[in-house]
Amino acid sequence: MHDCFTRELKEGARTINTDPQVISSPVDAIVGAHGQIRDGQVFQAKGFPYTLNDLVGDGEILPEWRNGYFVTLRLTSSMYHRFHAPHDCKVDRVRYFSGDTWNVNPIALKRVEKLFCKNERAFLRTQLLGDGPLSGQQVALIPVAAILVASIRLHFLDVLFHLKYAGPKTVECNASFTRGEEMGWFQHGSTIIMLTSSAFRLEAGLDDGSRIRLGQALLRLQS
């Protein structure tokens, strides 16, 4: 069953958008809550706010994220479960948070306050690379565990994050990826939250409930 949930893609199974003004989706997912971050506050569902401090800790929040943009990507159990680089980027910091494994379906998100801040999760701080207009932008990827998902694996760290993990919670690193390159995976189904500066907006045609595939345009730089 584990091998089924974490299976790899066949060569050429996804087309990676290479538009220099686009951040592509790191996963196959359903687009959830998204929009402007207001003084560090975001929403998991209408009327259910949480703060970036509660999600990843005050010391991790860059100034450009406090009034930046966020998007939530929900993976269901039948979807592909590996996540990939949304752009050429360098991961320079990872922080692990042990926690619960609440279900992250829409019903739970409307009933359990600060659900994402309670579940097991990892914070990946990335800097976008290249010669294009996105170079230097800081983007956070936050894989959040869910029901039956008690481990997060990152290719560039020789550790398996899980509920009984007792190693360092914060890891400084220098791992570079090209757009579309596999970064890691988690089991069964879960969520990835992305944080960017206010320079980005959701790609036209996408909204809450839209299905998106790995490599498709997700966020676009505003002119």
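The values are calculated or read from the model by the stated rules, or taken from the named source; none is laboratory data. What you see is a predicted model; the values in this text were computed from it and never measured. Note: ideal-geometry Cβ built from the backbone for every residue, glycine included; neighbour counts use all protein chains shown.
Structure notes:
- Any hit, the stretch 113-122, residues being over 20 Å from Asn17 (Cα atoms), of a type in the set (D, E, K, R) and out of contact with any strand residue (DSSP E or B) (no Cβ under 9 Å at 6 or more places or on another chain): no
- Of all residues in the stretch 194-215, those being touching a helix residue (DSSP H, G or I) at 6+ places or on another chain (Cβ under 9 Å) and closer than 11 Å to Trp65 by Cβ number 4.
- Every test in (1) at pLDDT below 95; (2) within 18 Å of Glu182 (Cα to Cα) is passed by Cys117 save one, and that test is (2).
- Filter result (among the acidic types (Asp, Glu) and in contact (Cβ under 8 Å) with a residue 24 or more places away in the chain) within the stretch 3-51: Glu8, Asp19, Asp28, Asp39
- Qualifying residue in the stretch 201-219 (condition: among the hydroxyl-bearing types (Ser, Thr, Tyr), buried (at least 22 other Cβ atoms within 10 Å of the Cβ) and either at pLDDT 95 or above or in contact with a Pro (Cβ under 9 Å, 6 or more places away or on another chain) (or both)): no
- Among the residues of the stretch 129-152, those identified as part of a strand (DSSP E or B) and either aliphatic (A, V, I, L, M) or at pLDDT below 80 (or both) are Val139, Ala140, Leu141, Ile142, Val144, Ser151, Ile152.
To keep it simple, each residue is scored yes or no on (1) surrounded by fewer than 19 Cβ atoms within 10 Å (Cβ to Cβ); (2) in contact (Cβ under 8 Å) with a residue 60 or more places away in the chain; (3) not hydrophobic (A, V, I, L, M, F, W, C).
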position: Phe70; (1), (2), (3): no, yes, no
position: Ala85; (1), (2), (3): no, yes, no
position: Lys118; (1), (2), (3): yes, no, yes
position: Ser135; (1), (2), (3): yes, no, yes
position: Val139; (1), (2), (3): no, yes, no
position: Pro143; (1), (2), (3): no, yes, yes
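- Look at (1) in contact (Cβ under 8 Å) with a residue 12 or more places away in the chain; (2) over 27 Å from Lys110 (Cβ atoms); (3) out of contact with any strand residue (DSSP E or B) (no Cβ under 7 Å at 6 or more places or on another chain) and you find that Pro63 fails only one, number (1).
- Across the stretch 100-117, the number of residues qualifying as more than 17 Å from Leu73 (Cα to Cα) and under 17 Å from the mean Cα position of the chain (by Cα) comes to 0.
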